[in-house]
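Structure, as structure tokens:
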Amino acid sequence: MRASRLSLDRRRSGAIVLAVISIAALVRLRSTCESLGVIAIETALHAALVGATGWIFAISKRSGTRGLTTSQRSVSEGDRSGKATITRNPQTFLLIGGTVCVLFPIVANFLARQAGGGTGEEIAYLGALAWGGLVAALFAQLNRTLSISVVCSGFLTLFTTVSSDHHQAVYIAFLWGMVCLWWLIANHWERVEACQIDSVKSTNMRTPLAIIAGGLVFVIAAWTASGRSVMFSRPSLELVQTSGGSGRYDAAARSGVGNGDAVVAARDHAASFGAVDTDVFLDSPMPSLFDIFNDQFGEPVRKKKTERAIALAPRDTRSTSSRTAQSNSSTQSFTTRRSEPKPRQPLKDVRSNATMFWIGRVGERLATERYTRFDGTEWHQELQENKPTFGELKIGERVWFSTDANSGLATGPYADSVAEAVKFTRFRSNRIPTPAGVQMWHIDLVDKADFFGFTGDHCLEMPGRDHVPDYTTVRLVSRLIDREKLEALTSASTGAAIAPASSEPELPSDRGVQLAKQIAREWLPNSSSRWADVQLLVERLRSEFAFDRSGSTSLAKASNAEPGADPETESDTALDEGASTPLETFLMTRRGNDVMFATAAAVMLRELGFPTRLVTGFYVDPNSYDRMAGQTPITAADAHAWLEVNIGADTWIPLEPTPGYRTPTYRTTWLYLIKRNASMIAGTVVGLLSGACLLWLSRAYLFECLLRIASYFPPVVSDRRRVRFVVGVLDRRCRFAGIARPRSISPREWLLRNLALDRTPWSGSLNRFFNEADQLNYGGGGGLSAEGRKACKEIWREASTFYLRRLRPHKSTAWQTNKTNETVSVHATTEF
Amino acid sequence: MLQLSSKPKQTGDAALGLLRERLNRVLLGKRDKIELVLACLLAQGHLLLDDLPGLGKTTLAKAVAQSFGAKFARVQCTPDLLPTDITGFNLFNQKTREFEFHAGPVFSDILLADEINRTTPRTQSALFEAMAERQVSIDGISRTLSSTFFVIATQNPIDSHGAYPLPEAQLDRFAMRVEIGYPDSEAQLAILSAACGPTSKATEEGTSLTLEALAKLQNETSQVRVDPRIQRYLIELCNATRQHESIALGVSPRGMLLWQRVAQAWAKLSDRDFVIPEDIQAVAIPVLTVRLVARVKNSESVVHSILSSIAVPKYQ
């Protein structure tokens, strides 16, 4: 019994390590599609739960058995009272705690899904397995439990490794394998050595029978799982979420079952963002970017409408027709029997009112049109001749298109790149919305450069089409604006470069524009054409003007909003009778839609000397981000207008003057942030440090204050606790006063004799207190008398830190003399 | 730190108080030592007075004996002292033609063995049997001693020439060792002025405490409550003596038992019926210095270091 307990503890550590590795593997798997913060919080909660279980188990074990084994104890307890068995039996606690630990991931996930978060059920099941393994390893009392724990963690590690796309996953499996090997060898090597070949004998028939039975179960399970059995051809019960295989769709479904049989195009790319990147809709009547060049299989599906397409080789397509059965038996003839057509599940459309889906940064602005000329009421496009050019670039097997190296992207304030993608579903324009600084783009197998082009207003488009074909996924690489470089570029030395270009369209001189210019000059009387001024102006617009979406929403409407003509703008006109343009109305009322904000900012910035242009497009609303899918649906309601400012070197930087929309994010390095906020950081650090110092210095005062406050609310506690509390307070006060009590001296001895408190007027209380405390502790119980309690309170009030502090010099002298006396007398006796 | 002068309260049993006062009148200015002697008496242990000549060892022993009206005997140990001089012997009576037993000094209630380290080990061991077993065997006949048999042995730490130092095993039989030490100036003044008066009867008449009362007190002492936490503290201290680097031989279980009993007596003297950690500490030096075999000369400092290494039990 004793030996097995020892070996159990030795093996336990290995099993715990294995379980922890498997949990790490699960966390790694989850981290690919869930936020690390949520995982960390959940893991911490869970660890706390396991810790609490262990703690309760340890406490109940300590308070329960002493000398008896658990079972004996519970039996004898059970005779006395059933309640005692329940409250004292550590096994019960363990069972409850363990069950709670195992069920926690499932319950937590269920609740999270109710609240709109959560993850796939299979992850919750895996979590239950992982923590079950850990709990089993931690509290195992049988070798078998440990083995179960190892099996759990092994399965989990293998599963996560196999289901992961990441290369690094395999290292965790290696690690697990190594630890497991070490564990197995350490535990079983002696037994292996002891089993010589000639000593191994089959003792009974049960082992082969068990093997056969197990094998049968395995084969049946494999048959069932592979879908060959008729019974399970169609899943009737959905144990884990699917994305449509059983007719249901769940956002938590991971890569795997697609929207039925047809939509499994993502065969090379499990985490494919689009429903298809290539050819699935070849048999759809809708126009596609791709066409099959194939004359072997009869007529291709006739499209309702054809557009330019890329011809695909037949090997790029997949055969979806079923095979016809043949019979070469003795009848020497073809069978007339044909295979029954497979019942095809009717595919359900997954509806969404999104025009496109965006995978990438949220809060981003995707430009579709750019306007340069403003005539006081309306913006006009001025199509330019010098369109940006681009070239081809082969990366892997795919062709990418990239803007020229000598464009503004190379010399502009950019650093790093970010890969993003947009999938069009119901987008009715041939322009491809792109973020600022787009550098490269690519559509799956499209390798012809003339599929793309730039419009006169510098927007990416697919020329010669009505609109971008539906279900097209465009992948984009855009450069990030670096704040440090941006500020360097617009610093005073190069500020001259921002001087208005000669091609800058003239602004009309109506009242709205004049007012805007006037406000700009008021806000920035001595502008030096620097980035800080731009920021300041935009910030003031954002803070002092109110955004009103209900106002005219489109540019056309804004231009038509003549005073008096539109009854909706009655309030505006009421405020200012003389307002002639929407811009003026906006500036007077300080309310308006995003177009007005952008217009006002553009006009004001031109007054300061910056070339500006208005941009319309879509705003990637962070609020509609779908965390499960990792993408953001963009609807018509996300249409937005903003402006771009030219800082020279052919670089246009987007600005966001409309409150309620996120300002463009710039990439900043830590070093830069620290440099920028050095004074604030230093101030905070100094403040915190000095605050901490102050707290530390005044800890005695704080302690005394707390005690003084607490003394008015005497706690209702047992006498023992009261004694302990008072002694603890006295000890703490002595420590604060610099005369800490050595552990080997009793409190009474220290206070009364060493600190000579027996000369104080309240030494009687002190004596009484210690007498009663001793009686309570060592004299077989009893309780504090009324006087004793009064003495408690008196000591509590009188023996303050400050009083004790005054004793310090006294104490040291008394102490010294004592010591010297002692040593002298000892010396005398030994010397003779 | 620990101070032996921590006086227990002077109330206690009325008779005990009388005894205390009487001893204090005899030995001026040594209240703390007298407390220790009383504790030793209540604990039924034997006392080793280890000090220079002329400090009042014998005076104290005699005063104790007289206080009880007890039978007092005194042996002056010399190298030629024989065991029979202590235990007694059988003498053949020519008249009655029978052996007659002549009881030695051990057949008394209080025995003062002066300068015990001057006699031979053989004689010493005869005394130690009496001390440990409270009986002596003479010519094969065991004779029981008085139930309150109490030995006060004295030894002179200087002038070790020709002395037989007591072996450790025998020292263990003493409950404690007390050094009386020189009285302070005020006490000396009192001693001198007392001596200047008219020559009166040196001894006081009457007894303060009967032997029966003493036996009852001793019985009560053994029933003083010792909390398990105090006992654990005591055990930790004993373990520390066994592991201390400058101690060759730690406290034996017998020593531990005696320590507990003396602490009980100390509590009893303080008019308490339970032992507190201070009691254990207060008697540590007299109890431990007699039985620890220290590698260094200054065994008191060793005891101090042991006491300061073990934490006192916390209030719970």
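Miscellaneous remarks
- Both radii were evaluated on the Cα set of the range A:657-726; the Rg over Rh quotient, with Rh as the Kirkwood radius, amounts to 1.38.
- Cβ-derived FRET efficiency at R0 22 Å, B:Leu257 paired with B:Val296, nearest 0.05: 0.25
- Relative to the current alpha-carbon distance between A:Lys790 and A:Ile96, full extension at 0.36 nm per residue lengthens the span by 245.3 nm.
- For a modelled paramagnetic label at A:Arg720, 7 Å from Cα along Cα-to-Cβ, the residues of the range A:765-801 in reach, with backbone nitrogen under 17 Å, are A:772-785.
- Look at A:Thr389, B:Thr154 and count the other Cβ atoms within 10 Å of each Cβ; fewest to most, that gives A:Thr389, B:Thr154.
- Neighbour-count ranking [beta-carbon atoms within 10 angstrom, fewest first] of B:Asp85, B:Asp51: B:Asp85, B:Asp51
- Take the Cα of B:Leu91, go 7 Å toward its beta carbon, and the backbone nitrogen atoms of the range B:100-114 under 18 Å from that spot belong to B:100-108.
- For residues of A:93-104, the mean tally of beta carbons on other chains within 10 Å: 0
- Over 28 Å between alpha carbons, listed pairs A:Lys394/A:Lys485; B:Lys62/B:Lys95; B:Lys57/B:Lys216: A:Lys394/A:Lys485; B:Lys62/B:Lys95
- For the pair A:Leu175 and A:Phe802, label points projected 7 Å from Cα toward Cβ lie 5.7 nm apart.
- Cut-off 14 Å, label 7 Å out along Cα→Cβ of A:Ala532, residues of the range A:636-680 by amide N: A:676-677
- Alpha-carbon Debye profile of the range A:81-181, log10 I(q)/I(0) at 0.11, 0.15, 0.24 Å⁻¹: -0.45, -0.75, -1.20
- Among the GluC sites (Glu not before Pro) in the range B:229-291, those located in a DSSP loop and surrounded by at most 12 other Cβ atoms within 10 Å of their own Cβ are B:Glu245.
- Exposure rule at most 16 other beta-carbon atoms within 10 Å, DSSP loop trypsin sites (Lys or Arg not before Pro): chain B longest free segment: B:202-294
- Dipole check for the range B:84-163: with +1 at the C-beta of Lys and Arg, -1 at the C-beta of Asp and Glu, and the Cα centre as origin, the magnitude is about 180 Debye.
- Structural size metrics of the range B:33-134, computed from C-alpha coordinates, are Rg and Dmax of 15.3, 51 Å.
- Look at A:His467, A:His442, A:His46 and count the other Cβ atoms within 10 Å of each Cβ; fewest to most, that gives A:His467, A:His46, A:His442.
- Net lengthening on full extension, A:Ile212/A:Thr684 (0.36 nm per residue, minus Cα-Cα): 162.7 nm
- Theoretical FRET efficiency, 1/(1+(r/R0)^6), r = Cβ-Cβ of A:Ala48 and B:Asp139, R0 56 Å, to 0.05: 0.10
Read-outs throughout are calculated quantities, based only on the coordinates presented, and are distinct from any laboratory measurement. Because the structure is predicted, anything quoted here is derived from the model rather than measured. A quick note on method: Cβ atoms are made from the backbone with ideal geometry, for glycine too, and the neighbour counts reach across all protein chains shown.
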